[in-house]
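Colleague: Here's a structure for you.
The values are calculated or read from the model by the stated rules, or taken from the named source; none is laboratory data. The shown structure was predicted, so the numbers you read here are calculated from the model rather than taken from an experiment. Cβ: placed from backbone, ideal geometry, glycine included. Neighbour counts: every protein chain shown.
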Amino acid sequence: MHYRRGENIIAPFYTVLGAINRGKYDLKSKIFSIGEDDFAGWQRLERENLTMVMVIDVSNSTYPYVKVFADILSNLTEYFKMTKQDRIGLISLQGTQAKVMNHPTFNYRIVTGNLLKLKVHGETPLADGLLKARAMVRLEQYRKPGSKNLVMLLSDCYPEPLTGLYEDLFDEPAYRDAIRAAALFRKERISLLVINPTFGRTDDQKLSPGERLAQRIVQEGGGKLITLQRARGTMDDAYAAPSGAEIRMIIHGIEEMFGKTDTMGSNLHMLQNR
């Protein structure tokens, strides 16, 4: 939607993206030539309050995306017209138990700061993280009846600890517990978005256990899955930082959950230029 003063709100992300698509960025000088006609706008929509809980797995495969989540979070009020009535919570998957870094708050800067402080270490208590996110959402629903919710899980979906007693990995308690926890999201109408960074594979290769579990969590939880693939290398290889296309995919996934699942109470769309 084209920006109109007094009718809607400037959408910086799509304003810049649209200008690039129309050739208004000079690579040599690194200067934009954006005029008034280039501005895109958000639609003004009345909606119910939102509780968004971020569950972050800080394993080696997901760590490069933590900075992306912090960047998105720092601009969330612009992207999704969030207000001080909307709250964000943060849970980290580190060690033997998931850790609540922030109970839902409208102070997004504190959450962003805690995101950037996360360090890679420990196991991935996936089921515990999902259950703590569920409890956090339910408490907010009790405090603010009618409020909407979204849980975003960033994980490679390799839960721990493992017993090593089962031939089928999905018989491990850590896997079974994660699937059972996800099923509660569908039952209790809690919106779930899973972002799953994973090693890439050829067409004749089977899905990895992490990919399979991510699909199962979404299937049981009634949510949406975004898979972000990386070229397969040695286990010592660091994951490359996300591309611009992947960042846009994440933003679009959040946006789609807001609108498609009625998380915001009415369709809240990130509107592109005409």
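Colleague: Going through segment 133-150 one residue at a time, which ones are of a type outside the set (Ser, Thr, Tyr) and surrounded by 14 or more Cβ atoms within 10 Å (Cβ to Cβ)?
Modeller: Ala133, Arg134, Met136, Val137, Arg138, Leu139, Glu140, Gln141, Lys144, Lys148, Asn149, Leu150
Colleague: Then there is this: Tyr158 - would you say it is at pLDDT 90 or above, of a type in the set (Ser, Thr, Tyr), under 16 Å from Gly210 (Cβ atoms) and in the same structural domain as Pro209 (by TED's automatic domain parsing)?
Modeller: Yes, satisfied.
Colleague: If you go through segment 114-131 one residue at a time, do you hit one that is outside any loop (DSSP other than H, G, I, E, B) and free of Cβ contacts under 8 Å to residues at least 24 places away in the same chain?
Modeller: yes
Colleague: Okay, moving on. Say we look at segment 101-128 and pick out the residues that are small (Gly, Ala, Ser) and over 19 Å from Lys67 (Cβ atoms); which of these is farthest from the chain's Cα centre (by Cα)?
Modeller: It comes out as Gly122.
Colleague: Buried (at least 21 other Cβ atoms within 10 Å of the Cβ), closer than 30 Å to Val120 by Cα and either among the hydrophobic types (A, V, I, L, M, F, W, C) or at pLDDT 65 or above (or both): does that describe Ala98?
Modeller: Considered against the rule, which asks whether it is buried (at least 21 other Cβ atoms within 10 Å of the Cβ), closer than 30 Å to Val120 by Cα and either among the hydrophobic types (A, V, I, L, M, F, W, C) or at pLDDT 65 or above (or both), Ala98 comes out as yes.
Colleague: While we're on this one: Considering only residues that are more than 17 Å from Ala98 (Cβ to Cβ) and part of a helix (DSSP H, G or I), look in segment 177-190 and name the one that is modelled with the highest pLDDT.
Modeller: Ala183
Colleague: Can we say Ser147 is modelled with pLDDT under 90, touching a Lys or Arg at 6+ places or on another chain (Cβ under 8 Å) and of a type in the set (Gly, Ala, Ser)?
Modeller: So Ser147 does not fit the description; no.
Colleague: Another one. If I filter segment 93-135 down to residues being small (Gly, Ala, Ser) and in contact with a helix residue (DSSP H, G or I) (Cβ under 8 Å, 6 or more places away or on another chain), which single residue comes out as farthest from Arg186 (Cα to Cα)?
Modeller: Per the stated criteria, the residue is Ala98.
Colleague: Among (1) crowded, with 22+ Cβ neighbours inside 10 Å; (2) closer than 30 Å to Thr163 by Cβ, there is one condition Val111 misses while meeting the rest; what is its number?
Modeller: Unmet for Val111, out of (1) crowded, with 22+ Cβ neighbours inside 10 Å; (2) closer than 30 Å to Thr163 by Cβ: (2).
Colleague: For segment 132-170, enumerate the residues that are part of a loop (DSSP other than H, G, I, E, B) and charged (D, E, K, R).
Modeller: Within segment 132-170, Lys144, Asp156, Glu160, Glu167, Asp168 meet the criteria.
Colleague: Continuing with the same structure: Of all residues in segment 211-227, count the ones that are part of a helix (DSSP H, G or I) and surrounded by 20 or more Cβ atoms within 10 Å (Cβ to Cβ).
Modeller: 5
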